[in-house]
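To start, the structure under review is shown below, and the notes come after it.
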Amino acid sequence: MFKLFRENVRIALGSIKTQLLRTILTMLIIAIGITALVGILTVVSALENTISSDFASMGANTFNINQYENTVKRHGGEEREIINPIISYPEAVAFKNKFKYPFCETSISFNATSTAEIKFENTKTDPENSVLGVDEHFLTNSGLETSLGRNFSGFDIQNNSYTCIVGSDFQKGLLKDVNPIDKVISIRGAKFKVIGVLKEKGSTFGNNQDLRVLIPIQLARSLFTAPKINYTMSIMIAQNEMMDQAIDDATNTMRRVRKLSPVQDNNFAIVRSDDLINKILGITKYLGVASWIIGIITVLGSSIALMNIMIVSVTERTREIGVRKALGAKKSTVAFQFFIETLLIGQLGGIVGIIFGISIGFAIATAMKFDFVIPWGAIMAAFLTSFTVAIISGLYPAIKASKLDPIEALRYE
C-alpha cells in the first residue's frame with residue numbers, strides 16, 4: 001500500500017512539472033485566499049494578545065468607579081442625551097470613607113495633565129508627559145510594579161511628601177546614565193525626589209504608558225487646579241468570588257454619596273476590568289469573521305480553478321489512463337492518482353499562503369507595535385481549508401478519470 005502511495009506521489013509530481021505554469025497559477029490563486037485568511041487572523045491574534053497583556057495587569061478582581069461616557073436614552077419615544085456629572089474629590093473621599101466591604105482596598109486618582117514638562121538639572125523633556133495624582137494603593141490596584149525603588153507609603157500620602165514615581169522612559173531619557181533613585185526632578189517649579197521607577201508597559205493605541213509621573217494626590221491637586229477635575233476610584237477585591245457582592249455594595253454606597261432616589265438611574269460608571277477586556281476583544285471577533293468571508297470567497301475561486309486544471313489534465317492524459325487501465329489498473333488506483341495530484345497542488349498553495357500570511361501579519365503587527373504571536377489556530381485553519389479545497393476540487397476529476405473506458409481511452413488522440 002505504501003509503495004502504491006509513493007508511486008502515485010511520484011507520478012503526481014511528474015505531472016505537476018509538465019504543467020508547471022498552470023500549476024503555479026493555480027497555487028497562487030489558492031495562496032492568495034490562504035494569505036488573506038492567515039494574514040488577517042495573525043493581525044487579530046496579535047491585537048488580542050496586546051489588549052490582553054495590557055489590561056490583564058489590572059487583575060480580574062478589580063473594578064473602577066468613574067464618570068459614564070455620554071449615553072443616549074429613550075424617554076417617551078424621544079431620545080435625549082444624558083451627561084453624567086464628574087466625580088468630584090469630596091465625592092471620591094466620601095465614597096472611600098463609607099465603602100466598608102471586607103477585604104477591599106480603594107484607591108483614588110486623577111489625571112492631572114498629559115502635557116507636563118519635566119526638568120532635571122539643566123535638562124528638560126518635551127511637554128508630552130502625563131502627571132497623575134495618586135494614593136498609596138494606586139500601584140497595587142492598577143497592577144503596576146516598580147523595577148527600581150519603592151511604592152508610596154501611607155506616610156508619603158498623608159504628609160504630602162514631595163516624592164514621585166516615574167515611568168520607565170525617564171530612565172532611558174531624562175535620567176539616563178544615572179541612578180534615578182533619590183534624584184530631584186522639577187514639575188511646574190515644584191521639586192520632587194524620585195523614589196521609584198515603574199516597570200515598562202509600552203504604548204497602547206498611541207498612548208505611551210511609560211511617559212508618566214505619579215505624585216501624591218493632594219500635591220497634584222495644589223499644582224494642577226483646572227476646574228471640574230474628574231476622579232476615579234479603583235477597588236481591588238481579595239477574592240474574585242466576592243466581586244458581584246462588592247460591586248452591589250459599591251453601587252449602593254455611591255448612590256448614597258450622590259443622594260440618588262430609588263427611582264433615579266445611576267449617574268456614574270462601574271467598570272469591571274474583565275468586562276473591559278471582553279468588550280474590546282469582542283470587537284476583534286468581527287475582524288476574524290471578515291477574514292473568513294474574504295478567505296472563503298477567494299478559496300471558492302481557487303477551488304474552481306483547481307478543478308478546471310484537473311479536468312483539463314484528465315482530458316490531456318486520456319490515452320495514459322487507457323494504457324494504465326489496459327495493464328490492469330483498478331478504478332480506485334486511477335482515481336487515487338489524480339486525487340493525490342490535486343491534494344499536492346492544494347497543500348503547496350496552502351503552504352505558500354501560510355508563509356505569505358504570517359509574514360504580512362508580522363509586518364503589520366510590528367508596524368502597529370502589537371505583541372506578535374504565532375497564530376497556530378490560523379495555521380490549522382489554513383491547512384484544513386486548503387485540504388478541503390483539494391478534496392472538493394479533486395473528487396470530480398478523479399472519478400471522471402476512473403470511469404473512462406480503456407478501449408475508448410486508447411483510441412483518444
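The values are calculated or read from the model by the stated rules, or taken from the named source; none is laboratory data. For clarity, every value in this text was computed on a predicted model and none was experimentally measured. Quick reminder, even Gly has a Cβ in these numbers, built from the backbone with ideal geometry, and neighbours come from all protein chains shown. Protein only, heavy atoms only, side chains kept; ligands, DNA and RNA dropped before computing areas. Shrake-Rupley method; radii C 1.70, N 1.55, O 1.52, S 1.80 Å.
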Test for Thr342: is it of a type in the set (S, T, N, Q), at pLDDT below 75 and in contact with a Leu (Cβ under 8 Å, 6 or more places away or on another chain): no
Which condition does Ala246 not pass, out of (1) closer than 26 Å to Glu121 by Cβ; (2) in contact with a strand residue (DSSP E or B) (Cβ under 7 Å, 6 or more places away or on another chain), if it passes all the others? (1)
Assess whether Lys285 counts as being of a type outside the set (A, V, I, L, M), at pLDDT below 85 and open to solvent by 90 Å² or more (accessible area, probe 1.4 Å). yes
Determine the pairs where a residue that is within 18 Å of Thr232 (Cα to Cα), located within the stretch 79-104, has a partner that is open to solvent by 100 Å² or more (accessible area, probe 1.4 Å) and modelled with pLDDT under 90 with Cβ atoms under 6 Å apart, the partner being 6 or more residues away or on another chain. Ile86/Lys228
Could you go through the stretch 199-210 and let me know if any residue there is aromatic (Phe, Trp, Tyr) and touching a Ser or Thr at 6+ places or on another chain (Cβ under 7 Å). no
Which members of the stretch 147-168 meet the condition of being open to solvent by 40 Å² or more (accessible area, probe 1.4 Å) and touching a residue at least 40 places away in the same chain (Cβ under 8 Å)? Ser147, Leu148, Gly149, Arg150, Asn151, Asn160, Tyr162
Scanning for something hydroxyl-bearing (Ser, Thr, Tyr) and surrounded by 17 or more Cβ atoms within 10 Å (Cβ to Cβ), does the stretch 197-205 turn up at least one residue? no
Considering residues that are open to solvent by less than 20 Å² (accessible area, probe 1.4 Å) and either on the phi > 0 side of the Ramachandran plot or not polar (S, T, N, Q) (or both), the number found within the stretch 13-31 is 3
Can you name the number of the only condition in (1) open to solvent by less than 20 Å² (accessible area, probe 1.4 Å); (2) closer than 18 Å to Lys193 by Cβ; (3) touching a Ser or Thr at 6+ places or on another chain (Cβ under 7 Å) that Leu132 fails? (1)
Answer residue from the stretch 105-123, given it is out of contact with any strand residue (DSSP E or B) (no Cβ under 7 Å at 6 or more places or on another chain) and touching a residue at least 12 places away in the same chain (Cβ under 8 Å) and is nearest to Leu219 (Cα to Cα) among those: Thr115
Looking only at the stretch 249-269, how many residues end up being outside any helix (DSSP H, G or I) and either over 20 Å from Tyr101 (Cα atoms) or in contact with a helix residue (DSSP H, G or I) (Cβ under 8 Å, 6 or more places away or on another chain) (or both)? 10
Residue satisfying all of: in the stretch 254-267; open to solvent by less than 80 Å² (accessible area, probe 1.4 Å) and touching a strand residue (DSSP E or B) at 6+ places or on another chain (Cβ under 9 Å); nearest to Cys104 (Cα to Cα) among these: Met254
Which listed residue is more than 24 Å from Gly346 (Cα to Cα) and either of a type in the set (Gly, Ala, Ser) or at pLDDT 75 or above (or both), from Asn61, Asn70, Asn49: Asn61
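So that you can scan it fast, the table gives a plain yes or no per residue for (1) at pLDDT 85 or above; (2) hydroxyl-bearing (Ser, Thr, Tyr):
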site: Asn179; (1), (2): yes, no
site: Gly189; (1), (2): yes, no
site: Ile217; (1), (2): yes, no
site: Ser222; (1), (2): yes, yes
site: Lys228; (1), (2): no, no
Taking Val178, is it of a type in the set (Val, Ile, Thr) and part of a loop (DSSP other than H, G, I, E, B)? yes
Across the stretch 220-248, the tally of residues that are of a type in the set (D, E, K, R) and assigned to a loop (DSSP other than H, G, I, E, B) stands at 1
Mind checking whether some residue in the stretch 341-349 is under 16 Å from Gly33 (Cα atoms), open to solvent by 30 Å² or more (accessible area, probe 1.4 Å) and either part of a helix (DSSP H, G or I) or in contact (Cβ under 8 Å) with a residue 60 or more places away in the chain (or both)? yes
Tell me, which strands (runs of 3 or more DSSP E) wholly within the stretch 83-149 include 3 or more residues that are among the β-branched types (Val, Ile, Thr)? 104-116
Going through the stretch 352-367 one residue at a time, which ones are aliphatic (A, V, I, L, M), out of contact with any Asp or Glu (no Cβ under 8 Å at 6 or more places or on another chain) and touching a residue at least 60 places away in the same chain (Cβ under 8 Å)? Val352, Ile354, Ile358, Ile360, Ile364
